[in-house]
Amino acid sequence: MARFKLVNGVSVQLTAEEEAARDAEEAAFAAGAFDRAIANVRSKRNALIAATDYHALSDNTLSAEMTTYRQALRDITNGVTTVEQANSITWPTKPE
Amino acid sequence: MGIITRSFVNGLTTNGVLGASNINNASLNNITSISGPEMTLISSATASNSASIEFSLGNYKEYQFFFVNIHQSIDQAYFQVNFSTDNGSNYNVTKTTSAFNAFHTEADSDEFVYASTTDVAQSTANANLSILTGNGNDENQSGYLHLFNSSSATFVKHFISDLQCNYRVGLPASVNYKVAGYANTTSALTNIKFEFSEGNIDAGTIYMYGIGA
C-alpha cells in the first residue's frame, strides 16, 4: 500500500526510492528489537545498582538482603533470550 | 493604535513611563501591540496515517513545534526527528543527543533513568524523541520541540524537546521523556521531519511556530 507524507501540510505520495528507503529503515528497526529490549533492561539494571552503590562503600556494612538484591540485579539478564522475556522481567524488590 | 484614555495619560510620568501603581485593567486595555519578537504560527499538519510530517525551515531565530495527541499505527516504536540541508532530498544531518526519562506506573512504581539506549552520538539516522510507545486506542504523546537558529552558517543547531506519553513496554504509566541535542553542521537546516521508527503517524497534529524572524 502506498505511503503518504505531509510536507508543509500537503499530502505527498512517497516515491519508489523513498518507499524502498523506508522499508529498509523499518526492516533494520525490526531486526534490532531484542537488542533494544535487552539494552533497556541493562540500562534500568545499571541505574538500580548505582542507586545502592553507597551501601557498598568501605565504611558501610552491606546487609545480606542488600547483597542478595544487588546480585539479583546483576543476574537479571540471565536466560533472557527473547523480546517478550526482556519486556516482562520481574524486578527484585529493594530492601528497606 | 488604540484609544488613549484620560486615565491612561494621567498615569504617565513626564518621561512617558507608566508607573507600576497605574497599571490596571484600564491601562492594559490601551495596549494594542508589544514590541519585540512575535510568535508566529507558520504551519500545522494533521496526520492521517502519514508516513512522516515535514516542514520547510526559514530564517526564524527559534522554531517551536507543538505535538498534540500524536498517535502511532504500530505498537512499540520511537517518535523521531531528523533534519535536511538540501531542501528535503535527504534527511541525514549528523546529530548528538542526550536523553533521560521519568517513569511512573499506574501501579505506583517509578524510576528516573538516563536513556543511554535511545540517545545518538554523531549519527545521521533519526534521533529519538520518545521511548518505545504504544498504539492503544487511548495512547498518545504530546509535547514540544525547540529548534534554535536553524539557518546559522556559523554554529551547530541546538534543539530541546520534552514529550509526555502514557505507556512503556506494556505498562500503563506516565513517561516524561526529555531530549536535548544538536545538529552538528554549520550548513543551514532547510527542513525538519518527524516520523516513527516503524509504521505511520496515525493521527495527531504538529504546529510550527517561528519566533524572531
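The values are calculated or read from the model by the stated rules, or taken from the named source; none is laboratory data. Bear in mind the structure is a predicted one, so any value in this text is a computation, not a measurement. FYI the Cβ positions are ideal-geometry reconstructions off the backbone, even for glycines, and counts take in every protein chain you see. Ligands, DNA and RNA are stripped out before the accessible areas are found, and what is left, the full protein with its side chains, is counted by its heavy atoms. Shrake-Rupley method; radii C 1.70, N 1.55, O 1.52, S 1.80 Å.
If a residue must be more than 14 Å from chain A (Cβ to nearest Cβ) and not aromatic (F, W, Y), how many such residues does segment B:122-171 contain? The qualifying residues number 30.
Out of all the residues in segment A:70-78, is one or more hydrophobic (A, V, I, L, M, F, W, C), out of contact with any Cys (no Cβ under 9 Å at 6 or more places or on another chain) and over 21 Å from B:F103 (Cα atoms)?
From segment A:70-78, those hydrophobic (A, V, I, L, M, F, W, C) are A:72-73, A:76; that's our starting set.
Now restrict to residues that are out of contact with any Cys (no Cβ under 9 Å at 6 or more places or on another chain): A:72-73, A:76.
Applying the additional criterion that residues be over 21 Å from B:F103 (Cα atoms) yields A:72.
Scanning segment A:70-78 turns up at least one residue that is hydrophobic (A, V, I, L, M, F, W, C), out of contact with any Cys (no Cβ under 9 Å at 6 or more places or on another chain) and over 21 Å from B:F103 (Cα atoms).
When segment B:157-213 is examined, which residues are found to be of a type in the set (A, V, I, L, M, F, W, C) and farther than 15 Å from B:E62 by Cβ? Before the answer, list the steps.
Taking segment B:157-213 first, the residues of a type in the set (A, V, I, L, M, F, W, C) are B:159-160, B:163, B:165, B:169, B:171, B:173, B:175, B:179-180, B:183, B:188-189, B:192, B:194, B:196, B:201, B:203, B:206, B:208, B:211, B:213.
Matches in segment B:157-213: B:L163, B:C165, B:V169, B:L171, B:A173, B:V175, B:V179, B:F194, B:F196, B:I201, B:A203, B:I206.
With respect to the conditions (1) within 14 Å of chain A (Cβ to nearest Cβ); (2) in contact with an Asp or Glu (Cβ under 9 Å, 6 or more places away or on another chain); (3) in a loop (DSSP other than H, G, I, E, B), B:Q80 falls short on a single one, namely (3). Within segment A:53-96, the set of residues being among the β-branched types (V, I, T) and over 26 Å from B:L171 (Cβ atoms) comprises A:T61, A:T67. One residue stands out among those in segment B:26-47 that are assigned to a loop (DSSP other than H, G, I, E, B) and among the hydrophobic types (A, V, I, L, M, F, W, C): the one that is least open to solvent (accessible area, probe 1.4 Å), which is B:A47. Pairing each residue of segment B:72-99 that is at positive phi with any residue that is surrounded by 21 or more Cβ atoms within 10 Å (Cβ to Cβ) and not in a loop (DSSP other than H, G, I, E, B), provided the two are 6+ apart or on different chains, yields C-beta distances under 8 Å for B:Q76/B:T133; B:N87/B:N191; B:G88/B:E54; B:G88/B:N191. For segment B:48-57, the set of residues classified as open to solvent by 10 Å² or more (accessible area, probe 1.4 Å) and either more than 11 Å from every other protein chain (Cβ to nearest Cβ) or hydrophobic (A, V, I, L, M, F, W, C) (or both) consists of B:L57 only.
Out of segment A:79-95, which residues are free of Cβ contacts under 8 Å to residues at least 12 places away in the same chain and of a type outside the set (S, T, Y)? The answer is A:G79, A:E84, A:Q85.
Residues that are assigned to a helix (DSSP H, G or I), at the interface with chain B (Cβ under 8 Å from one of its Cβ atoms) and open to solvent by 70 Å² or more (accessible area, probe 1.4 Å) within segment A:1-41 comprise just one, A:E25. You will find that of B:T118, B:T154, B:T124, the residue that is touching a residue at least 24 places away in the same chain (Cβ under 8 Å), more than 21 Å from the chain's Cα centre (by Cα) and closer than 24 Å to B:N191 by Cβ is B:T154 and no other.
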